[in-house]
Amino acid sequence: MRGLLVGRFQPFHSGHLAVVREIRARRPDAHLILGIGSAQRSHTRDDPFTAGERFEMIARALEEAEIDACEPVPLFDIDRHAIWVAHLRSVLPPFDLVYTNNPLTRVLFEADGFRVEAPTLIDRDRLQGTAVRRAMIAGDSWTSAVPAAVAGYLREIGGPERVRMLSTSDAGASPGSGS
Ligand code: NAP
């Protein structure tokens, strides 16, 4: 059996890690694919980090937490929701169970006959990607919301500085979205 957890992981925080830990504990025999959603996006306000950087955050956090049998895989968006699941089936190894908190993602997988579970969100006020990015912009403390290995890596790549730069009015807009 193999599960698929889909998320954007911008960045990979302690709430995501807790979900992975819980899924692995609940189904110790099942491998888990960590689908890095919107892999093509980076350097925008809402999606500051590349798929490769998100892969590295996840790999370091899993190693630090000694969690095995999880494979991060970048997933590119396609412009037709109706065939997204078929697209994923063509690029991923076989999987039977999907974990997501995104309503659209749930609907699309259920329409294709997949069983979908919503992972329990832990300490949601503090552990959310938006809150971590906002704290970086404000210069507030954010390191307690991410695994230590992720905090170290984000400092290494100048993550907080990038998020702050992208928060300025022009820098974080998608190409072609401005006037
Ligand atoms: P998501 O990561 O599944 O998350 C949905 C919400 O749940 C987010 O607010 C997320 O917050 C939160 N969440 C997830 N796990 C959490 C945890 N352990 N603790 C606290 N909060 C948690 O949804 P998403 O970010 O929108 O990712 C879905 C991906 O699938 C996207 O990249 C989307 O583009 C892609 N997709 C593509 C297509 C297509 O190409 N046609 C169709 C459908 C979906 P955080 O911000 O804290 O993670």
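The values are calculated or read from the model by the stated rules, or taken from the named source; none is laboratory data. As the structure is a computational prediction, the values presented were derived from the model and not from experiment. Neighbour counts run over all protein chains shown; Cβ positions are idealised from the backbone, glycine included. Note: areas computed on protein heavy atoms with side chains; ligands, DNA, RNA excluded. Shrake-Rupley method; radii C 1.70, N 1.55, O 1.52, S 1.80 Å.
In terms of the mean number of neighbouring beta-carbon atoms within 10 Å, the peptides 128-134, 101-107 order highest first as 128-134, 101-107. Evaluating kT/(6 pi eta Rh) at 37 °C and 0.692 mPa s, with the Kirkwood radius of segment 2-169 over Cα pairs in the Stokes-Einstein relation, gives 201 µm² s⁻¹.
Of the residues GLY15, VAL146, SER167, the one whose Cα sits farthest towards the positive end of the charge dipole of the chain is SER167 (charges of +1 on Lys and Arg Cβ, -1 on Asp and Glu Cβ, taken about the Cα centre).
For the listed peptides 84-93, 10-19, 35-44, 149-158, a ranking on the average number of other beta carbons within 10 Å per residue, highest first, reads 10-19, 35-44, 149-158, 84-93.
Relative to the longest principal axis of the Cα atoms of the chain, the long axis of helix 51-65 makes an angle of roughly 70 degrees. For the chain, adding -39500 (n - 2.57) for each run of n ≥ 4 DSSP H residues and dividing by the number of residues yields -12000 deg cm²/dmol at 222 nm. Principal-axis analysis of the Cα atoms of the chain puts helix 14-26 at an angle of about 10° to the longest axis. Using a probe radius of 1.4 angstrom, the carbon and sulfur fraction of the accessible surface of the chain is 51%. Under a model in which nothing but the beta-carbon of Lys, Arg (+1) and Asp, Glu (-1) is charged, the chain shows a dipole of about 260 debye around its Cα centre. If contacts are Cα pairs under 8 angstrom and at least 6 residues apart, what is the relative contact order of the chain in percent? Reported as a whole number, the value is 29 percent. Taking label points 7 Å from Cα along the Cα-to-Cβ direction, HIS87 and THR168 give a separation of 3.4 nm.
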